[in-house]
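Before I ask anything, here is the structure I am working with.
The values are calculated or read from the model by the stated rules, or taken from the named source; none is laboratory data. All of these numbers come straight from a predicted model, not from anything done at the bench. Cβ placement follows ideal geometry from the backbone for every residue including glycine, while neighbour counts extend to all protein chains displayed.
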Amino acid sequence: IFLILVSDTPVEFVIEYLQKAKEIAENNANVPAELCDNLQKALDIASGLDGYLEQMSSQESEPLTGYCHSIGQVLKMLVHMSKAKRVLEIGMFTGYGALSMAEALPENGQIVACELEPYLKEFAQPIFDKSPHGKKITVKTGPAMDTLKELAATGEQFDMVFIDADKHNYINYYKFLLDHNLLRIDGVICVDNTLFKGRVYLKDSADDFGKALRDFNQVVTNDFRVEQVIIPLRDGLTIIRRLPYSPQANTQLKSTVTYDEVFRGVQGKQVLDRLRLDGKVAYVTGAGQGIGRAFAHALGEAGAKVAIIDMDKGKAENVAHELTLKGISSMAVAADISKPEDIQKMIDDIVSKWGTIHIACNNAGINKNSASEDTSLEEWDQTFNINLRGTFMCCQAAGHVMLKQGYGKIINTASMASLIVPHPQKQLSYNTSKAGVVKLTQTLGTEWIDRGVRVNCISPGIVDTPLIHSESLEPLVQRWLSDIPAGRLAQVTDLQAAVVYLASDASDYMTGHNLVIEGGQSLW
């Protein structure tokens, strides 16, 4: 068996022509040695490029071994970078592209792969079955345009589209995707083979495929709805981003569009962008475990730098390390919020390291149980010193920084117990202290909003913790569950979106509010 290697990509053609030029030069005595030497250097550079790129790219997973490594890894990286959840592939072929992208999708991600030939679906399915990510891929066979029409009819939208199919239909696929909103705003289209053997830019090329791709590239270049770059990877990869509407670019639509903040976004930010906390500095007290730990992760994932505050320095350091592993800037601070000197040092340490504080999440608290007639002054004072007095001192200390800069978000952790009397447990001091946190929040929220500082609180219901699963508390848990319309206890992750919202610019008009998250328990 003889394998004949045929040049396919522009780089491979460059190598082929350099090789021929070198042979001609070496067989001609009149060619200077310097020219032959430079031809050899050019040949070495060109012939080593593709191999080096393959070698330096991260290794593909076992199911993908041997399937066009470089382009698969690029697609996987693009899915990661775009944070895509739904991907459309037009032209599946062996399935390497679909599986590469599936590996980068979240667990609930989905790829819809369009393939004309049923036998290619049969070929790819065993490859998908070897991977735990194969379940994310749905293959639709038949003409791609029929599938696109079907998807458009049901209102489907995709974050990313990969096209590697009939090149004469590239323009039709592209126009249909944009004209029927199959690609979301800021979504990305990746088109393979857009440099096709270099024929798209060679003046003497009359190749039909080359002309089709040349026309396609020009259509995209002239389309005001998108921007594009062409990457000379193998046979060319075009990356196209759908742009938000702009009246400067879309003059023909000006008269039909109310171009206000509802349409363009507040300061140009769409609603999800307004939830980002990039560049913000936050702290969370009681962040060594439980709700505080969940709040710290949420604020960090949204873009903030986060100071982890806890009485136990070891616990604070553990959570700070968790954030660091996720690429989040963090610091650990030991503080007892019942002590004003600890609170001031906490504030000073954060400002010294990061320059300011934008978000104060006052979460630390304790809960002690006793019948009201047996509640001691010691229990009462200890509970109030932390839950209410400590929260007040944190608000005041952080407030000094925020009022000076004219901006800040303070989020206090209250409790469902501020609204109802949870039962059958007896916790007078806790219930009363948390009601005080709500009134503290309302008072500060109204006093400080005209100086740029918003103060709100979150009232969780009963949160599922390891302690609750002890045998002695099982009867109590069953009683609680019967009181909760949602039929379950809260998870700390149920509270994370709320703290991000209250910390973000999206909640700028909210102050003094008690955001209750308790599965409906306070309504029964």
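(1) within 12 Å of Cys361 (Cβ to Cβ); (2) surrounded by fewer than 24 Cβ atoms within 10 Å (Cβ to Cβ): which one isn't true of Gly314, the others all being true?
(1)
While we're looking at this one, here's another question. Within region 245-281, restricting attention to residues that are small (Gly, Ala, Ser) and within 30 Å of the chain's Cα centre (by Cα), which residue is modelled with the highest pLDDT? Outline the logic, then answer.
The initial filter retains those residues of region 245-281 that are small (Gly, Ala, Ser), namely 246, 249, 255, 265, 268, 279.
Still in the list and also within 30 Å of the chain's Cα centre (by Cα): 246, 249, 265, 268, 279.
On the way: Ser246: 71, Ala249: 60, Gly265: 90, Gly268: 86, Gly279: 96.
Within region 245-281, the match that is modelled with the highest pLDDT is Gly279.
Going by the structure shown, is Gln496 modelled with pLDDT under 95 and either over 26 Å from Trp380 (Cα atoms) or not assigned by TED's automatic domain parsing to the domain that holds Asn369 (or both)? Let's see the steps before the verdict.
Numbers: modelled with pLDDT under 95: no; either over 26 Å from Trp380 (Cα atoms) or not assigned by TED's automatic domain parsing to the domain that holds Asn369 (or both): yes.
So Gln496 fails the test.
Test Ile189 against the criterion of being in contact with a Cys (Cβ under 6 Å, 6 or more places away or on another chain) and at pLDDT 95 or above, and give yes or no.
Values: in contact with a Cys (Cβ under 6 Å, 6 or more places away or on another chain): no; at pLDDT 95 or above: yes.
Against the criterion (in contact with a Cys (Cβ under 6 Å, 6 or more places away or on another chain) and at pLDDT 95 or above), Ile189 does not qualify.
Can I ask one more? Taking the options Gly300, Gly268, name whichever one is among the small types (Gly, Ala, Ser), surrounded by fewer than 17 Cβ atoms within 10 Å (Cβ to Cβ) and over 18 Å from Met393 (Cβ atoms). So that I can check it myself, show each step before the final result.
Working: Gly300 fails: surrounded by fewer than 17 Cβ atoms within 10 Å (Cβ to Cβ).
Just a single option satisfies the conditions, and that option is Gly268.
To continue, here is another question. Take residues that are buried (at least 22 other Cβ atoms within 10 Å of the Cβ), among the acidic types (Asp, Glu) and without any contact (Cβ under 8 Å) to a residue 60 or more places away in the chain and tell me which of the helices (runs of 4 or more DSSP H) falling wholly in region 410-524 contain 3 or more.
Numbers: elements: 428-448, 474-483, 496-503.
Answer list for region 410-524: none.
Listed here are the residues, each with its yes/no results for (1) farther than 30 Å from Val477 by Cα; (2) of a type in the set (Gly, Ala, Ser); (3) at pLDDT 95 or above.
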| site | (1), (2), (3) |
| --- | --- |
| Ile350 | yes, no, yes |
| Asn367 | no, no, no |
| Ser370 | no, yes, no |
| Thr383 | no, no, yes |
| Val401 | yes, no, yes |
| Leu419 | no, no, no |
| Val437 | no, no, yes |
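Something else now. Given the conditions (1) surrounded by fewer than 20 Cβ atoms within 10 Å (Cβ to Cβ); (2) out of contact with any helix residue (DSSP H, G or I) (no Cβ under 6 Å at 6 or more places or on another chain); (3) part of a helix (DSSP H, G or I), and given that Ile386 satisfies all but one, which numbered condition is not satisfied?
Among (1) surrounded by fewer than 20 Cβ atoms within 10 Å (Cβ to Cβ); (2) out of contact with any helix residue (DSSP H, G or I) (no Cβ under 6 Å at 6 or more places or on another chain); (3) part of a helix (DSSP H, G or I), the lone unmet condition for Ile386 is (1).
Just to confirm my filter: which strands (runs of 3 or more DSSP E) fall fully inside region 108-196 and include at least 2 residues that are closer than 28 Å to Thr9 by Cα? It would help to see each step written out before you state the result.
Details: elements: 110-115, 137-141, 158-163, 183-192.
By residue number, 110-115, 158-163, 183-192.
Being closer than 23 Å to Leu444 by Cβ and basic (Lys, Arg) is true for just one of Lys353, Lys345. Which residue is that? Show your work before the answer.
Details: Lys353 fails: closer than 23 Å to Leu444 by Cβ.
Just a single option satisfies the conditions, and that option is Lys345.
Would you check if there is a residue in region 324-342 being surrounded by 18 or more Cβ atoms within 10 Å (Cβ to Cβ), in contact with a helix residue (DSSP H, G or I) (Cβ under 6 Å, 6 or more places away or on another chain), assigned to a helix (DSSP H, G or I) and assigned by TED's automatic domain parsing to the domain that holds Met402?
Checked region 324-342: no residue is surrounded by 18 or more Cβ atoms within 10 Å (Cβ to Cβ), in contact with a helix residue (DSSP H, G or I) (Cβ under 6 Å, 6 or more places away or on another chain), assigned to a helix (DSSP H, G or I) and assigned by TED's automatic domain parsing to the domain that holds Met402.
Could I ask something else about it? Would you mention how many residues in region 352-365 are hydroxyl-bearing (Ser, Thr, Tyr) and either at pLDDT below 95 or not in a loop (DSSP other than H, G, I, E, B) (or both)? Quick ask: steps written out before the conclusion?
Residues of region 352-365 hydroxyl-bearing (Ser, Thr, Tyr): 352, 356.
Now restrict to residues that are either at pLDDT below 95 or not in a loop (DSSP other than H, G, I, E, B) (or both): 352.
Of the residues in region 352-365, 1 are hydroxyl-bearing (Ser, Thr, Tyr) and either at pLDDT below 95 or not in a loop (DSSP other than H, G, I, E, B) (or both).
While we're looking at this one, here's another question. Which one of these does Val14 not meet: (1) modelled with pLDDT of 80 or more; (2) more than 30 Å from Val74 (Cβ to Cβ)?
(2)
Also: Would you tally the residues in region 136-177 being closer than 16 Å to Gln218 by Cα and out of contact with any strand residue (DSSP E or B) (no Cβ under 6 Å at 6 or more places or on another chain)?
Just the residues of region 136-177 that are closer than 16 Å to Gln218 by Cα, to begin with: 167-175.
From the residues that got through so far, the ones that are out of contact with any strand residue (DSSP E or B) (no Cβ under 6 Å at 6 or more places or on another chain) too are 167-172, 174-175.
Residues meeting the conditions: 8.
Please state which of the following conditions Val266 fails to meet, knowing it meets all the rest: (1) outside the structural domain of Phe158 (by TED's automatic domain parsing); (2) closer than 26 Å to Asn222 by Cα; (3) among the β-branched types (Val, Ile, Thr).
With (1) outside the structural domain of Phe158 (by TED's automatic domain parsing); (2) closer than 26 Å to Asn222 by Cα; (3) among the β-branched types (Val, Ile, Thr) applied to Val266, the lone miss is (2).
Let me ask something additional. So Thr465 passes all but one of these: (1) in contact with a Gly (Cβ under 7 Å, 6 or more places away or on another chain); (2) at pLDDT 95 or above. Which condition number does it fail?
Thr465 satisfies every listed condition except (2).
Here are some residues: Gly314, Gly303. Which one is assigned to a loop (DSSP other than H, G, I, E, B) and more than 16 Å from Val401 (Cα to Cα)? Steps first, answer last, please.
Working: Gly314 fails: assigned to a loop (DSSP other than H, G, I, E, B).
Step by step, each of Gly314, Gly303 is checked, and only Gly303 is assigned to a loop (DSSP other than H, G, I, E, B) and more than 16 Å from Val401 (Cα to Cα).
On to the next question. State all residues of region 282-297 that are assigned to a loop (DSSP other than H, G, I, E, B) and either surrounded by fewer than 24 Cβ atoms within 10 Å (Cβ to Cβ) or within 22 Å of the chain's Cα centre (by Cα) (or both); if no residue qualifies, say none. First the steps, then the outcome.
We begin by selecting, within region 282-297, every residue assigned to a loop (DSSP other than H, G, I, E, B); these are 286-289.
Residue satisfying the conditions is Gln289 alone.
Which ones in region 49-82 are in a helix (DSSP H, G or I), of a type in the set (Gly, Ala, Ser) and either modelled with pLDDT of 90 or more or surrounded by 13 or more Cβ atoms within 10 Å (Cβ to Cβ) (or both)?
First, the residues of region 49-82 that are in a helix (DSSP H, G or I): 49-56, 62-64, 69-82.
Remaining after also requiring of a type in the set (Gly, Ala, Ser): 51, 70, 72, 82.
Within region 49-82, Ser70, Gly72, Ser82 meet the criteria.
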